[in-house]
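Below is one structure, written out as structure tokens; comments come after it.
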Amino acid sequence: MKIIDGKSVSEHLLADISLKLQSQKKNRSPHLAIIMVGKHPASETYVNAKIKTCEKYGFKGTLYHFPETITEKKLLDEIQKLNDYHEVDGIIVQLPLPKHISENQVIETISPQKDVDGFHPVNIGKMAKNLPALLPATPGGILELLKFYQIETAGKHCVVIGRSNIVGFPMSILMGRNSYPGNCTVTMCHSKTQNLEFYTQNADIIIAAAGQPELIKGNMVKEGVVVIDVGIHRVPDKTKKSGFKLIGDVEFDTVAPKSSFITPVPGGVGPMTIAVLLKNTFETWLQSNK
Ligand code: GUN
């Protein structure tokens, strides 16, 4: 069993981007604009981590924090301003948004050229057609992990659990594309799937993005499975100074002994998401001639 070290792979990727950045002769650094609406403790943590990573690797990161009460119209206007601002290379709107704002409207207002989350239908369409595209950060990060560890994927049965726009849906498309990583036979499982263990027991690769703590247990997987755990849940733990610990969608202690490769939580998929976000921003910056 090998533990996939997402922290170290992400540092590798970011160091590589930072080197490429230094070799470019442009008069400004790549600039990521992050929009956040209202208060959401988990989003605040993610956004702060994104800004800090920008600063560490020579990017400019700007947070635009709007109150919960902002109207959809005003938010769309603000996005449009950033689309038009030539010194912004990448725009992300941290999700979830308050209920009165349409996520689809917001995503479709971001210019596809600056959509470094890869959520715009134009980028999703290019991804599905296996054309060069900005890939959603978490699925993109999972591909980087599979590549780094040279995990074979062609002809394997990959079971993706979860069909969110952010992870499960794009992941299922990526693993079935005619490329590496890819060329899998993909099964997409979700909340209405009956007899989930039937699929997981027949999986060579499991990508768990269901948002349910420790859903996947040791008796649900076969020997030698590759396990990618996208879940991240805070649960109380009196033995920890903080009073809590982080767990994933996979019950690590029972699944790890049967796995050939497995991502831990934390330190697996999580750090890769920010690395790919910066990689995407670096690419849009390279494309920009201003
Ligand atoms: N919320 C949870 N994950 C993400 C992400 O990758 N991008 C954005 N914009 N919001 C998120």
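Just so it is clear, none of the values below were taken in a lab; they were calculated from the coordinates. Only a predicted model underlies this, so the values are computations on that prediction, with no experimental measurement involved. Quick reminder, even Gly has a Cβ in these numbers, built from the backbone with ideal geometry, and neighbours come from all protein chains shown.
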Completion exercise
Checking every Cys Cβ in the chain against the others at 4.7 Å leaves as unpaired C54, C189
Exercise for the section: For a footprinting-style exposure proxy, rank K217, K156 by other Cβ within 10 Å, fewest first. Expected result: K217, K156
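Compute the signed sum of charges (Lys and Arg +1, Asp and Glu -1) over the other residues within less than 13 Å, Cβ to Cβ, of P257.
Working: positive: K2, K217, K222, K258; negative: E223, E251, D253.
Result for the neighbourhood of P257: +1.
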Practice task
Distance between Cα centroids, segment 249-277 to segment 52-71: provide it in whole Å.
Solution key: 27 Å
Handout entry: Kirkwood Rh and Cα Rg combined as Rg over Rh, evaluated for the chain
Key = 0.97
Exercise for the section: Sum -39500 (n - 2.57) across every DSSP H segment of at least 4 residues in the chain, then divide by the residue count to get the 222 nm mean residue ellipticity, nearest 500. Expected result: -11500 deg cm²/dmol
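Once you've got the Cα coordinates, tell me which of K238/K258; K39/K238; K26/K56; K39/K240; K99/K245; K25/K52 are over 21 Å apart. Display every interim value, and only then the final one.
On the way: K238/K258 29 Å; K39/K238 27 Å; K26/K56 19 Å; K39/K240 26 Å; K99/K245 29 Å; K25/K52 24 Å.
Distance filter (> 21 Å) returns K238/K258; K39/K238; K39/K240; K99/K245; K25/K52.
Give me the number: length gained by fully extending K25 to N195, i.e. 0.36 nm times residue separation minus the C-alpha to C-alpha distance, one decimal in nm. Walk me through the numbers before you get to the answer.
On the way: separation 170, 0.36 × 170 = 61.20 nm, distance 5.59 nm.
Gain on stretching K25 to N195: 55.6 nm.
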Fill in the blank from the handout: Largest fluctuation, V37, V250, V227 only, Gaussian network model of the chain with Cα springs under 10 angstrom, belongs to V37
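Give me the compactness ratio for segment 101-200, meaning the Cα radius of gyration over 2.2 N^0.38 Å.
Details: Rg = 14.3 Å, N = 100, 2.2 N^0.38 = 12.7 Å.
Ratio of Cα Rg to 2.2 N^0.38 Å: 1.13.
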Problem - Long-range Cα-Cα pairs in segment 208-290 (distance over 23 Å), rounded percent - result: 37 percent
Problem - segment 85-146 - Kirkwood radius from inverse mean 1/r over Cα pairs (Å) - result: 12.5 Å
